[in-house]
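Chemist: Can you read through this structure? Questions will come right after.
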Amino acid sequence: MFKGSYPYKIDAKGRLPLPPAFRKALGPPGSLLVATRLDGCVALYGESDWQRLETQLRRLPAFSKQAKALTRHLASQASDCALDSQGRVLIPPALRALAGLKRDAIVVGALDRIEVWAPETWSDFLRDSERLLEDVTLDVSWPLPERSKTTPSDPGSTAEP
């Protein structure tokens, strides 16, 4: 859904314009977004994507320390925001501070969410991720194999070729 990276300016009130293609995908002015901190940036989720994330978090093991930490981290820093009539979103001051956002920002499409990065942090991330990808062989077949048209409904059944 969201892709590309775009340099933008945050105004004195903390409002950030979003790229036109992102605005279109989010819906009309007033559409709800949820902002939270993620990996050193501010992550913006459309309402349906946030609901999907909440569902995934609720499915995690209730007594897992890691699951509780992740849920607390994302939910405690989450804030409802709305897209204004000029295609801007007000990023809460606490989230801007946590992500090191001042005037300049890099708006990044990350498929199901929009990420807002401080330019220096984004540059560091790109450098580190490029280094990481050079050192890793991903176990990904490309193009992806076609899915089987029938799948077994129980372990004793077999799918037709």
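The values are calculated or read from the model by the stated rules, or taken from the named source; none is laboratory data. Here the structure is a predicted model, which is why all the values come from computation and not from measurement. Glycine also receives a Cβ, built like all others from the backbone with ideal geometry; neighbour counts cover every protein chain displayed.
Chemist: Take GLN51 and tell me if it is under 15 Å from the mean Cα position of the chain (by Cα), surrounded by fewer than 17 Cβ atoms within 10 Å (Cβ to Cβ) and closer than 24 Å to LEU26 by Cβ.
Modeler: yes
Chemist: Select, from ARG58, ARG52, ARG23, the only residue that is under 20 Å from ALA105 (Cα atoms), part of a helix (DSSP H, G or I) and of a type outside the set (A, V, I, L, M, F, W, C).
Modeler: ARG23
Chemist: On to the next question. Got a sec? Which of ALA97, ALA67, ALA82, ALA75 is closer than 18 Å to PRO20 by Cβ and either of a type in the set (Gly, Ala, Ser) or assigned to a helix (DSSP H, G or I) (or both)? Quick ask: steps written out before the conclusion?
Modeler: Values: ALA97 fails: closer than 18 Å to PRO20 by Cβ; ALA67 fails: closer than 18 Å to PRO20 by Cβ; ALA75 fails: closer than 18 Å to PRO20 by Cβ.
The conditions single out ALA82.
Chemist: Name the single residue that is nearest to LEU57 (Cα to Cα) among those in the stretch 69-116 being exposed (fewer than 14 other Cβ atoms within 10 Å of the Cβ) and among the basic types (Lys, Arg).
Modeler: ARG72
Chemist: Please determine whether any residue of the stretch 117-132 is part of a loop (DSSP other than H, G, I, E, B), surrounded by 15 or more Cβ atoms within 10 Å (Cβ to Cβ) and either modelled with pLDDT under 75 or at negative phi (or both).
Modeler: yes
Chemist: What are the residues in the stretch 100-116 that are part of a loop (DSSP other than H, G, I, E, B), under 22 Å from ASP11 (Cβ atoms) and aliphatic (A, V, I, L, M), if any?
Modeler: LEU101
Chemist: A further question follows. Would you mind stating whether ASP39 is modelled with pLDDT under 95 and within 18 Å of TRP117 (Cβ to Cβ)? Break it down stepwise before answering.
Modeler: Details: modelled with pLDDT under 95: yes; within 18 Å of TRP117 (Cβ to Cβ): yes.
Criteria met by ASP39.
Chemist: Does the stretch 6-16 contain at least one residue that is touching a residue at least 60 places away in the same chain (Cβ under 8 Å), more than 12 Å from ARG113 (Cα to Cα) and small (Gly, Ala, Ser)?
Modeler: Scanning the stretch 6-16, I find at least one residue that is touching a residue at least 60 places away in the same chain (Cβ under 8 Å), more than 12 Å from ARG113 (Cα to Cα) and small (Gly, Ala, Ser), so the answer is yes.
Chemist: Output the residues belonging to the stretch 1-46 that are more than 28 Å from ALA69 (Cα to Cα) and surrounded by 17 or more Cβ atoms within 10 Å (Cβ to Cβ).
Modeler: ILE10, LEU16, PRO17, LEU18, PRO19, PHE22, ARG23, LEU26
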